[in-house]
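Taking it in order: structure first as structure tokens, then the write-up.
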Amino acid sequence: MNLFKRFKKKQAVNDSMYLYTEKEREEYENGIRERFGEYTEVIHEIFSPDIHLDIIVVPPTEDNDYYTLITMGVGAFRMNVPKELERYDYGRMELVLCLPSMWDIKSKNEKDYWPIRQLKAAARLPIQCDTWLGYGHTISSDQHNSPYAANTKFCTMMLLNALDKDWETFDFSLESKGKINFYQLFPLYKEELLFKENNDEDALLDLFDDDDVTPIINIARKNYCDISN
């Protein structure tokens, strides 16, 4: 478990938008290249009602044979963190999601697109619900915890500490905005979500085998709380 512990509406006008400045964006992009690797592709958002949510796509490499998708723009918005937690600098975040190299990230078919859809949904949740997200928080597909798509029974994303290209946790700050917390989206089955809610995220992670202690989404992963396994 050592690795996993480290892993451990308004229209877009004027002041209704939360945006990185050009300088902040350049500083952010340089930080992403340093911690996650070089990239040439960015999935640009066409319509932005609140933040401008782009997704950086770091392609598979010889050393890291998977896609890394990283949001860019979420941290321009300061989340509504409870007053008792304000001293921990949890107010700003960006999100990370890793997909196998054979994944069709350009497909709009829901069996391929659901991880990106969930990445975008999680990014906007703090704005839409006037709340905050942090380590261990979970975001379900709907009130019934329905599977995301026909090719998976995953129904919830849990936030864990993101890992860089060397699979290390890291600190990141923008000069003008301060600390940006990076969280990895880790999918759960319904039974795993229920276990986590009755215990906590660390108790759930302690159930996992080392082979499944990875940030890369594996739709064939064992369900660690399914008693039929």
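The values are calculated or read from the model by the stated rules, or taken from the named source; none is laboratory data. Note that the coordinates shown come from a computational prediction; the quantities given were computed from them, not determined experimentally. Here the Cβ is made from the backbone with ideal geometry for all residues, glycine too, and neighbour counts use every protein chain on show. Accessible surface areas use protein heavy atoms only, side chains included; no ligands, DNA or RNA. Shrake-Rupley method; radii C 1.70, N 1.55, O 1.52, S 1.80 Å.
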Checklist outcome for this item: The FRET efficiency for N109 and F208, from their Cβ-Cβ distance with R0 = 30 Å and rounded to 0.05, is 0.55
Next on the checklist: To check you understand DSSP bridge types, tell me what percent of the beta bridges within the range 39-212 (both residues inside) are antiparallel, rounded to 5.
Outcome noted: 85 percent
Checklist outcome for this item: Taking r as the C-beta separation of Q128 and R87 and R0 as 30 Å, the FRET efficiency to the nearest 0.05 is 0.70
Checklist outcome for this item: In nm, the gap between the two label points placed 7 Å beyond Cα toward Cβ at H144 and E62 is 5.0 nm
Item to check | Carbon plus sulfur fraction of accessible area for the range 39-212, probe 1.4 Å, in percent | outcome: 46 percent
Next on the checklist: Loop-only GluC sites (Glu not before Pro) in the range 143-229, please: DSSP not H, G, I, E or B, and at most 16 other Cβ atoms within 10 Å.
Outcome noted: E168, E175
Item to check | Pairs from K108/K153; K106/K177; K106/K179 whose Cα-Cα separation, in the structure shown, is over 26 Å | outcome: K106/K177; K106/K179
Item to check | Volume per residue of the C-alpha convex hull in the range 39-212, rounded to whole Å³ | outcome: 147 Å³
Next on the checklist: Students often check this: by mean Cβ neighbours within 10 Å, which of 105-115, 54-64 ranks highest, and how do the rest follow?
Outcome noted: 54-64, 105-115
